[in-house]
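This is the structure, below, for whatever I ask next.
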Amino acid sequence: MKSAIFWFAPGGYEAAMSVLSSRLSLVFSCIGHSYSHLFAPIFYVVALTLEGELGLTHGEVITLIVAGNVLFGFGAPLAGWLGDRWSATGMMALFFMGCGGGMVMTGFAGSPFMIGVWLAVTGLFASIYHPVGFAWLIRNAVNRGTALGINGVFGGIGPAVAALSAGVLTETFGWRSAFIVPGAVMIATGLVFLLLIIRGLIVENKTPLRSDPPVSGRDRVNAFVVLMITMLCTGLIYQSTQAALPKMFDVRLQDMVNSGVMGVSAMVAVIYLTAGAMQVVAGRLADRYPLKTVYLIAFFLQAPILFLVALSSGTFLFIAALAMVTANVGALPAENSLVARFAPSHWHGLAFGLKFIFAFGISGLGARLEGVLYDQTGGFFWLFTILASIAVVGATVGWLLPGERKEEKPASVPAE
């Protein structure tokens, strides 16, 4: 065993085991990112079936996930603090087991109320990933933008697989299987993860592989205030569009999705998979160019694209929706790098937890906004017009982010 592990790194068995642990941490961080984005997209596809089965309007069905979306964000600071103070690996094990268990129980729920309760439980456990998983990833990465971009691909794979699997399972076995099957897979992953911890192949790493130049207290405060607003804007756009896409495709693209739920889920899956893959490019840009510049460009692109979606139908709607989601998630590697840049390294978990109060907690109401506006207007024009205005606010406020001084940029970044 030892002789095989020596291939991983120079410096003896202990150094090799450290590298192996780091690589396994990156693998499970990426897997966890996909899993954290399963429950909401699954629900939005299943909602098309639940409307008839439960006898509720679209807005009333969407209300069932609001508590889960809010807890997805508001549970993050405590999870991040526990990851910093107690154990990142321990919190990740709780994430896999708790989130998987919540999804299984959602599938067995017998009433709309219990569906909402178990979605809330799932959202609470899912809230562990982003503050803990991102801080864990950053501690084990040198080129952060690239690592976050690759990790973001898996964040895109999650909604894509969720939408597609929800369509297939709902059409084949009924809506309950759309939650039970992926929930069981998550629990199995958690058991494998626990086994690797027990075997000592994944160990806790509290020291980042890359250290940042010092940042003034004034820049930290300014960045935090600005990012609170811009992250809320990004989150509101993400949550609202994720809730809207399945219903919008079902209404506006009937000729293209004549196969029903399956056709809608396939189109949503293509959008999130493609947009997620583009995060690799966004991550490399975040490593190569000033973070503020990359972040602002993503915001400036979103406003006109969102307005185009408000007016579009047919094939052009699909293309515009793809560009919209790509621009929105393309901001994330730069955004997460900015959080890591301006937060002290020993508080990264808590910092990401505070981020997701805005990115997922408060912005989780975006799903409710989508449902209410659709029930009141019967369409999506005003939703996407409002979201375009929110993107303008984010771009405007983003100008106030502290600039990156040339002397703060590392002269060279070692290879991963």
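The values are calculated or read from the model by the stated rules, or taken from the named source; none is laboratory data. Here the structure is a predicted model, which means the values were calculated and not measured. Cβ: placed from backbone, ideal geometry, glycine included. Neighbour counts: every protein chain shown. The accessibility values were calculated without ligands, DNA or RNA, using every heavy atom of the protein model including side chains. Shrake-Rupley method; radii C 1.70, N 1.55, O 1.52, S 1.80 Å.
Residue by residue through the stretch 98-123, note down the ones that are open to solvent by less than 10 Å² (accessible area, probe 1.4 Å), farther than 18 Å from Ala367 by Cα and in contact (Cβ under 8 Å) with a residue 40 or more places away in the chain.
Going residue by residue through the stretch 98-123, those that are open to solvent by less than 10 Å² (accessible area, probe 1.4 Å) are 99-100, 102-103, 106-107, 109, 115, 119, 122-123.
After this cut, where a residue has to be farther than 18 Å from Ala367 by Cα as well, the list is 99-100, 102-103, 106-107, 109.
Within the stretch 98-123, Cys99, Gly100, Gly102, Met103, Thr106, Gly107 qualify.
Taking the residues in the stretch 82-97 that are of a type in the set (Phe, Trp, Tyr) and open to solvent by less than 10 Å² (accessible area, probe 1.4 Å) as candidates, determine which candidate is nearest to Ala188 (Cα to Cα).
To start, the set of residues in the stretch 82-97 that are of a type in the set (Phe, Trp, Tyr) comprises 86, 95-96.
Now drop any that are not open to solvent by less than 10 Å² (accessible area, probe 1.4 Å), which leaves 95-96.
On the way: Phe95: 12, Phe96: 8 Å.
Restricting to residues being of a type in the set (Phe, Trp, Tyr) and open to solvent by less than 10 Å² (accessible area, probe 1.4 Å), the top hit is Phe96.
Same structure again: Given the conditions (1) modelled with pLDDT under 95; (2) under 20 Å from Met186 (Cβ atoms); (3) open to solvent by less than 10 Å² (accessible area, probe 1.4 Å), report the number of the one that Ile5 does not fulfil.
(2)
Could you tell me whether Glu51 is without any contact (Cβ under 8 Å) to a residue 40 or more places away in the chain, under 16 Å from Ala243 (Cβ atoms) and assigned to a helix (DSSP H, G or I)?
Details: without any contact (Cβ under 8 Å) to a residue 40 or more places away in the chain: yes; under 16 Å from Ala243 (Cβ atoms): yes; assigned to a helix (DSSP H, G or I): yes.
Here the answer is yes, as Glu51 does meet what is asked.
Please find, among Phe179, Phe113, Phe125, the residue that is modelled with pLDDT of 95 or more and within 30 Å of Ser18 (Cα to Cα). Don't jump to the end; show me each part of the working.
Numbers: Phe179 fails: within 30 Å of Ser18 (Cα to Cα); Phe113 fails: within 30 Å of Ser18 (Cα to Cα).
Result of the check over Phe179, Phe113, Phe125: Phe125.
Residues being assigned to a helix (DSSP H, G or I), surrounded by fewer than 24 Cβ atoms within 10 Å (Cβ to Cβ) and of a type outside the set (A, V, I, L, M): count how many of those fall in the stretch 54-70.
Final tally of qualifying residues: 4.
Yes or no, residue by residue, for (1) at pLDDT 95 or above; (2) under 15 Å from Met97 (Cβ atoms); (3) surrounded by 16 or more Cβ atoms within 10 Å (Cβ to Cβ):
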| site | (1), (2), (3) |
| --- | --- |
| Leu164 | no, no, yes |
| Thr189 | yes, yes, yes |
| Ile197 | no, yes, yes |
| Gly200 | no, no, no |
| Lys206 | no, no, no |
| Pro214 | no, no, no |
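Being more than 27 Å from Ala147 (Cβ to Cβ) and out of contact with any His (no Cβ under 9 Å at 6 or more places or on another chain) is true for just one of Ala310, Ala277, Ala298. Which residue is that?
Values: Ala277 fails: more than 27 Å from Ala147 (Cβ to Cβ); Ala298 fails: more than 27 Å from Ala147 (Cβ to Cβ).
Among Ala310, Ala277, Ala298, only Ala310 is more than 27 Å from Ala147 (Cβ to Cβ) and out of contact with any His (no Cβ under 9 Å at 6 or more places or on another chain).
Can you tell which of Ala79, Ala126, Ala147, Ala135 is open to solvent by less than 20 Å² (accessible area, probe 1.4 Å), closer than 21 Å to Val185 by Cα and small (Gly, Ala, Ser)?
Working: Ala79 fails: closer than 21 Å to Val185 by Cα; Ala147 fails: closer than 21 Å to Val185 by Cα; Ala135 fails: closer than 21 Å to Val185 by Cα.
Just one listed residue meets the conditions, Ala126.
Related question: Specify the residue that is surrounded by the most Cβ atoms within 10 Å (Cβ to Cβ); the eligible residues are those in the stretch 166-180 that are over 23 Å from Met97 (Cα atoms) and in contact (Cβ under 8 Å) with a residue 40 or more places away in the chain. Steps first, please.
To start, the set of residues in the stretch 166-180 that are over 23 Å from Met97 (Cα atoms) comprises 167-168, 170-174.
If we keep only those that are in contact (Cβ under 8 Å) with a residue 40 or more places away in the chain as well, we get 167-168, 170-171.
Numbers: Gly167: 28, Val168: 17, Thr170: 23, Glu171: 16.
Among those that are over 23 Å from Met97 (Cα atoms) and in contact (Cβ under 8 Å) with a residue 40 or more places away in the chain, it is Gly167.
Could you check how many residues of the stretch 313-326 are in contact (Cβ under 8 Å) with a residue 12 or more places away in the chain and open to solvent by 10 Å² or more (accessible area, probe 1.4 Å)? I'd like the intermediate steps shown before the answer.
Going through the stretch 313-326, the residues in contact (Cβ under 8 Å) with a residue 12 or more places away in the chain turn out to be 313-315, 317-318, 320-326.
Checking which are open to solvent by 10 Å² or more (accessible area, probe 1.4 Å) leaves us with 313-315, 318, 322-323, 326.
Of the residues in that region, 7 qualify.
For Phe384, all conditions in the list (1) closer than 17 Å to Leu332 by Cα; (2) open to solvent by less than 20 Å² (accessible area, probe 1.4 Å) hold save one; what is the number of the exception?
Condition not satisfied by Phe384: (1).
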